[in-house]
Structure formats: C-alpha cells, structure tokens
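The values are calculated or read from the model by the stated rules, or taken from the named source; none is laboratory data. These figures come from a predicted structure and were not determined experimentally. Here Cβ is always computed from backbone atoms with ideal geometry, including for glycine, and neighbour counts include all displayed protein chains.
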Amino acid sequence: MGIRSLSPKIASILIASIIVVIVVIFYVFKFNSTSNSTTITTPPSLNNFSYYRPVIINNAQNPNTLTNYPILVTLDTQSLILQGKMRADCGDIRFTDSDGNTLLNYWIEPNTCNTNNTKIWVNVPSIPKSSTKTIYLLYGNPNATSMSNGHLVFTFFEDFQNGTAGWTPVLTWAPSGISSASAVWIQSPYGYAGGISLTDEGGYYASTAALVKNISISDNSVSYCFSAYAMWNITPRQQPNYDNYAIIISATNGTDTKTVAYRLIVGGDPCGRYWIAFFGNCGNKDYLCTPPNTWINISTNLTNDFLSLCKFKVRNITQISINVGTWYRTIDGYATNIIIRKCVSPEPFVILKDEAKMQ
C-alpha cells in the first residue's frame, strides 16, 4: 500500500516520524564522533624494527590537556632479551607519537635494562584532556643504538655524565679558616654522580660546603615533582661525629625566596643531634639517619612540599644545592639522576598492549 492511498492525516504522521528518525540518527552520529574521542592512531612504520606495542595513556580523570608531559612505562625487557627480540643494552627501544612516525624522546632509568621492571620515561608532546592517547613502543633492531636522554624528557635533569660542569663548589661556613671544599665525581650504581667534598682540619667550629647550580623553572601553571638518588660517606677521625647532609631547593613566589631542605643525616653516629647545620628556612623533609655509603631515592611532590611546609606558592624554582657539614674529618655528599618534572594528580595511567609484528 503506497503513501498515496493513505489519508492525509496518516501520511503526515508517517512523514513526520521519518523526519524525527533522521534527525535522531544525525545527532547520535554527531555525538559519537565528537565526544569521548581518542586520538586517531596509525600503526608505526619505522624501518628496521621488528616489533611494536601500543601504549595507551589514560588521562580521562584530568580536565586539562598536558603538554610535554613525562609518562612512565614499565616493561619486562629481560624476557625480550632472552627471546632475542631486543638488544642486550636496550639500545633499540624507540617510541613514536600517535602518527606512528614521529619519534618521542625517552630516558631509561639506569640499572633497570635487562630486568623484569625496566622503567622508561617518555616525553609526550600532547595528551588530550579527559581522554586517552595512543603512542607506540618499538624494538627489535640489532643495529640501533640508544637514544635515551633525560635532558630531553624532563624540565630539569642532571646525571653528571659531563662531570660537575655547570655546578659551583662553595665553602659556605669555615670559621676556623683551615677547611677546604671541592667538587667530586664518581661512578655509582645509577650512572655517574656528582657531589661536594669537605675537609675540616679542626678548630672550635665545624664547617659546611655546597655544590650549587642556579636554575630557572618559571611555569607555575603546573605542579612539579622532584626526585634524586643521594649518598654520603666520611673519612673518620678520632673526634666526635658532627655530620650533616642535605639537598636544598630554593624557590620564589615573585617577592620572597624560600628553601626546603631534604636532609639525609643530621648529627653524628648514631644520628645524634649534636649539631644541625641545615634548615630549610620554612621547612625540612627528612630522611634522617641514612647510613653512610648507602644510596637512597628521594621522591616527592616539590610544589606540595612548599605549600605544606612554607604556605608558599612557587612561581620560580631558582637553585639546587648538595650540602655537607662536618667537624674534624672529611665528608662527601653525592647525588645523581636529579629530576624536576611536571606532575599532576591524578597522574595519567599507562596500559601496555600486546606485542605485534611490524608489517
């Protein structure tokens, strides 16, 4: 039965219903194509790599787009190396953006390659707000060499690969006039480490020294996290122990300058409070009584530390210093893999998808 045989009233109802269905279909399609969107991705096409894995970055809980943001990917490289799929030095690891071609900067944490918990930080140029993004991990190229470089990943990075260039040793307090300080550089389990060596030759007062680097981090639209590996050691003498170690970070809010001290040890063995050399002028975050010759990891939200300890909103991070103090002996304070990076709460979380062979 055709429309012509229908009464005008029924025909009008039918035509109106068809129009409503078309309108509904249009808006459903429009909504699905514009909301809850994820980045359009293209499988990687770099030559000479055998395998890839999609890396899903979920930023759904963050209402802000993140730019040049470091994300952490953990990977079992030990199994891949045993299977002959990856170089033994992890030198053939690469990351690309969603287009499958644009290489991304990354840094492999020292001493984690060829383990089941390899930690790789990747700088992602843009992560959309309230959404997800796909990047790609590639490997399987025996002729590739490492492109791991923390300087290209983080806002601030120091691994002392070039010695202590750019850092200044300072004898900050030497009332006896017979103390000396110098920069030092060693090999550590986490790569090279730089530091400060202080020798106090005695006298009525103890001495302090620092290895100092002036920096400028002025983007206050985001929070920053701080991490480092730190260690101290001593050359004992036959005198009471008065040993101090702290990493001190300075920042301004535009008018005032404040400091937070991350203290590893204050006082002598066994960490008695004989003498306290270092205070953040608005607060301290302590890892006290760390024994000598023991590397520890400091990891914290720097912005929150200044807010909670100083009631202070950071506008510019201006200085990092490695500080030691002692009396009648030599003390060395070291640090490496010093990182200041952007961080948000909650952090985007990462899902590493299954391996696929390159076409």
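Would you list the strands (runs of 3 or more DSSP E) that sit entirely within the stretch 196-303 and hold 2 or more residues that are of a type in the set (Val, Ile, Thr) and either modelled with pLDDT of 85 or more or over 19 Å from residue 170 (Cα atoms) (or both)? I'd like the intermediate steps shown before the answer.
Details: elements: 207-217, 223-235, 243-252, 257-267, 283-286, 296-301.
Answer list for the stretch 196-303: 207-217, 223-235, 243-252, 257-267, 296-301.
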In the stretch 317-331, anything farther than 30 Å from residue 133 by Cβ, out of contact with any Gly (no Cβ under 6 Å at 6 or more places or on another chain) and assigned to a strand (DSSP E or B) is listed as 318, 319, 320, 321, 323, 325, 326, 330, 331
Conditions (1) in a loop (DSSP other than H, G, I, E, B); (2) assigned by TED's automatic domain parsing to the domain that holds residue 139 -> residue 69 fails only (1)
Residue identified as in contact with a Phe, Trp or Tyr (Cβ under 7 Å, 6 or more places away or on another chain) and over 25 Å from residue 107 (Cα atoms) among 210, 193, 261: 261
Residue among 129, 133, 85, 119 that is more than 30 Å from residue 64 (Cα to Cα), among the basic types (Lys, Arg) and not assigned by TED's automatic domain parsing to the domain that holds residue 228: 85
Out of (1) farther than 15 Å from residue 211 by Cβ; (2) assigned to a strand (DSSP E or B), the one residue 182 does not meet is (1)
Might you check whether a residue that is modelled with pLDDT under 95, outside the structural domain of residue 73 (by TED's automatic domain parsing) and outside any loop (DSSP other than H, G, I, E, B) occurs anywhere in the stretch 333-340? no
Candidate set from the stretch 97-115 (those that are out of contact with any strand residue (DSSP E or B) (no Cβ under 9 Å at 6 or more places or on another chain) and modelled with pLDDT of 95 or more); member that is surrounded by the fewest Cβ atoms within 10 Å (Cβ to Cβ): 115
Step by step: first the residues of the stretch 79-99, then only those that are within 24 Å of the chain's Cα centre (by Cα) and in a loop (DSSP other than H, G, I, E, B), then the one that is farthest from residue 124 (Cα to Cα). Which residue is that? 89
May I ask you to list pairs of residues, at least six apart or on different chains, whose Cβ atoms are under 7 Å apart, with the first in the stretch 194-223 being under 29 Å from residue 314 (Cβ atoms) and the second being of a type in the set (Asp, Glu) and at pLDDT 90 or above? 195/332
Can you tell me how many residues within the stretch 310-332 are surrounded by fewer than 23 Cβ atoms within 10 Å (Cβ to Cβ), modelled with pLDDT under 95 and either closer than 20 Å to residue 244 by Cβ or outside the structural domain of residue 187 (by TED's automatic domain parsing) (or both)? 3
